[in-house]
Every structure is written in structure tokens, then in C-alpha cells.
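In what follows, a structure is listed as C-alpha cells, so that the remarks can point back to it.
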Amino acid sequence: MTKLPTAILGATGAAGLEFIRALSNHPLFQVEGLYASERSKGRALEDICILDEEDIPKSLRRIRLKDCNSINPENYGLICSALPSEVAREYESHCARTTPVISTSAAHRYEEDVPLMITEINAGHAVLLEEQKKNRGWKGWIAPGPNCTTVGLAMSLAPLMDACEVEHITMSSYQAISGGGAALIEKWGGQQGVTIPQPISPFLLKEGPLSPDKHISMGESYFLLEGNVIGYIKDEEGKVIKEARKILGTHTKGNLFPREWTLDCSCVRVPVLQGHFETVFVRTRTEVTPADVKELYAQFNEKARAKYAQLPSSPKNFITVLERSPHPRLDVNLDGGMSAIIGRIEPLASGHGVKYQVLSNNLVRGAAKGIVHVAEYLYSERLL
């Protein structure tokens, strides 16, 4: 079988490296071009990347980077974009005029003719891609993956939505440093082991209390990460609410109808390298027990395996249920990082519903490999 020639935009960042890992020795896709900023042009990936790339084959690490501005998308059958959202819109739209684009960026996620796909949950939303091509006069399309925080939540909710008549969800996320990108990982690495973090920083002592506006304007990278919790991640909570309702919505006669239940969430950054951990409280209209939920997850796995087991990146278990809390250090790479790990399924203290904890790999299922899995499905359906 001839592999589809593939290019990666934003190849030197955390998401870009995960695209390279996901596509290394892939049976369907062949990486033939790595693209980054102009200052990286002509240099090998291994010479410029600030993150660990030792597990990537030498043949890929030694590819000379090209400037994103120089890409001719017609030379490729698939474009993988790991660009920051602020620049992704222009490049992705340019490429999609001739070539399908998958992306980890938020640039196009909220447009009506753009699906947010998690293969085993909403593969039927792929029909939007043909509508997108028709609406925009493109030969290609754009299929972005969801925000990494949304992925674990959506995977854990999908089997419950209709069977349990979900009414309201409350979620709190405790998100890994790697979700903030390569620069945040590097900053955290420089803080580890330097000093024992103290409760009061010199910044607060010198400049007084930190106002909400100042907290937002400075961003995560300003603050001490080691021994600390960053209680605000810009725009994250709004993304989760909007995306979860879209992913779990229904597509009928050319229209996508988001789910109508309500969702409250709070998202914070914690000093963990990899793995987004969430506590989820699900209120339902009808009575549901932890045993019911476990059975629904088992049925979901059985159906997903029957439909998608042949895809190269499919896990053995799309959902893994534990009889304990999931732990990022222990569990984040179960099933190659492609499974949602769910534990402590318990009844609510009052009313109908359950609470549980879910862990997902933000760099794998929540980023590049998750959307590569979608591309594998689209390829199998001759949509790519």
C-alpha cells in the first residue's frame, strides 16, 4: 500500500513532536515535510528542539525544517497542524483549499461546518466535512481535534448521555504543565529542585495583592509552577463547555445541534508533567448506580472495538475502569495513552447521578494521536 505523503506544521513544539511520534512508522501516512518558523529553516529537528526527542527515529530527527510560508499543500495528501491558534487560521485555510488538514489548534473549532471529532463518539459528524468543502469551495477540509481537557470529559460522558438522561454536569480539572506547551514545560523544568517553594512570593510582597485583571494579563508562564497551583487558565473553561456540547450533539439534515444539558467547570494547572485529571459530578433525571455506569462503559467498549479495532491507533480499551483513583504517574500511558482512565465511580450524596474521576493523556489522546485516529477513520471511509 502506498502511504499518504504527510506534512507537519509547527513541528518543534510539544504537539508537533506528538504528531511525529504518532506518525512514525505509520502504516497509512508517511512524514515527508516538517515545517516551523522562519528562524528554524534549514536546521535539523534534533538541533533545534528544546524538548526530548530521543525516542523519535533518527531519520525523522534529521529532517531539515522548512518555513511554514514555503509550504505547497498540493505536494501532500494530509497536513497536520500543531500551530498556535493565533497563526493557525491563515495557514490551515491556505492548505485546506487543496488538501485535508487535521489540527490540534482551536482556530476553527467553533465554526458551524467544522466537526470536533472523537472517532468512537461522533464519527457521524464527518458528514460536515463535505458540507464544509461545498460551503467554502475547497478541495480539502479542516478537522481540528478538541481541547485536551474536553477529551477525557467527553469520552467519559458519551456512554451515559442517553441511557442515564444526563441533566447537569459539574467538572473540575487539574491539568498537566505540558498542556501549556513547550515553553511552560521548559520553565517548570528550570524551577524544579532550585529551591523549596515558599507560600509567599517576593512579587506579592513588593507589589501588593494580585488583582484578577493582572492575573489574567500576565498569564501562566509568569508564576512559579513548582509547588504551586495556577488557578486560572485563559479561556479554558469556556472551551470545555462549548466543545463538550458540540461533540456530544446530534447532526440532522445538515445541522449540528449541541447538547442542551448544563455544564459548570473549573480548570487549574498543577505541577504534573503529563495527564489531565478531572473530577466529574453527573446529575441525571433517572436513578443510576455505579454498577449501571460500569456496565454502560463495558458495552461502549464492546461496540467501539467492533467498529474501530482495525484502525492502527485504536486502544484495546477506549475506556478503562479502575476500582481506585487513576494516577498520572501510573496510568497516563495505559493503552498507549489512548484510553480514558476512570475510577472512583460513586453515587451522589443526594439526588440521582454519579461522581467519578477521569484521567486522559493530554499529549496523546488529547492532542496529536487523537486526531490522527480520526484521520485513520476518515481514510478507511475514503474521505481522505
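Could you look at the chain and say what percent of its accessible area is carbon and sulfur, using a 1.4 Å probe and all protein chains?
Working: 8710 of 17500 Å².
Roughly 50 percent of what the probe reaches on the chain is carbon or sulfur.
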Cross-link reach list, lysines versus residue 355, counting only Cα pairs under 17 Å and skipping chain neighbours closer than eight places: 294
Estimated inter-spin distance, residue 97 and residue 1, nm [label 7 Å along Cα→Cβ]: 3.2
Unsatisfied cross-links (Cα-Cα over 22 Å) in the set 3/139; 58/316; 307/369; 66/134; 66/239; 58/139: 58/316; 66/134; 66/239; 58/139
Under 5 Å, built H, 5+ apart or other chain: amide partners of residue 288: 353
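If you restrict to DSSP beta bridges whose two residues both lie in the chain, what percentage is antiparallel, to the nearest 5? Could the numbers behind the result be given before it?
Details: 26 of 55 bridges.
If we restrict to bridges inside the chain, about 45 percent are antiparallel.
How high is the FRET efficiency from residue 24 to residue 87, r the C-beta distance, R0 35 Å, rounded to 0.05?
In this case the efficiency is close to 0.85.
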Two-site label geometry, residue 289 and residue 48: point separation in nm, points 7 Å out along Cα→Cβ: 5.9
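Remind me, relative contact order of the chain in percent, using alpha carbon pairs under 8 angstrom and six or more residues apart? Before the final figure, lay out each step's value.
Working: 788 pairs, mean separation 69.6, N = 384.
Across the chain, relative contact order equals 18 percent.
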Amide H contacts under 5 Å for residue 320, placed H, 5+ residues apart: 340, 341, 342
Of 313, 105, 59, the one that fluctuates the most in a GNM where the chain has Cα springs shorter than 10 Å: 59
Of 284, 353, 254, farthest towards positive along the dipole that unit charges on Lys, Arg, Asp, Glu beta carbons give the chain: 254
Where 89, 329, 62 fall by accessible area, highest first, once all protein chains stay in place (1.4 Å): 329, 62, 89
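Answer rounded, prolate or oblate for region 119-184, using the Cα gyration tensor with square roots of eigenvalues a ≥ b ≥ c: rounded when a/c is under 1.5, else prolate when a/b is larger than b/c, else oblate.
Details: a/c = 3.25, a/b = 1.24, b/c = 2.63.
Judged from the Cα gyration tensor, region 119-184 comes out oblate (a/c at least 1.5, b/c at or above a/b).
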For the chain: rounded, prolate or oblate by the Cα gyration tensor [a/c cutoff 1.5]: oblate
Gyration tensor (alpha-carbon) shape descriptor, region 1-131, a/c threshold 1.5: prolate
Binned Cα-Cα distance frequencies in region 270-384 - 10 Å width, integer %: 14, 38, 32, 14, 1
Antiparallel content of DSSP bridges confined to region 1-98, in %, to 5: 10
Label-point separation in nm, residue 382 to residue 251, each point 7 Å along Cα→Cβ: 1.8
GNM result for the chain, Cα springs below 10 Å: residue of 185, 63, 79 fluctuating most strongly: 63
Other-chain or far-sequence residues with amide H under 5 Å of residue 33's (modelled H): 6, 8
MRE, 222 nm, helices only [DSSP H, n ≥ 4, -39500 (n - 2.57), over the chain, to nearest 500]: -9000 deg cm²/dmol
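The values are calculated or read from the model by the stated rules, or taken from the named source; none is laboratory data. Remember, predicted model here, so these are calculated numbers, not experimental data. So basically every Cβ, Gly included, is an ideal-geometry build from the backbone, and we count neighbours across all protein chains shown. Only protein heavy atoms, including side chains, enter the accessible area calculation; ligands, DNA and RNA are left aside. Shrake-Rupley method; radii C 1.70, N 1.55, O 1.52, S 1.80 Å.
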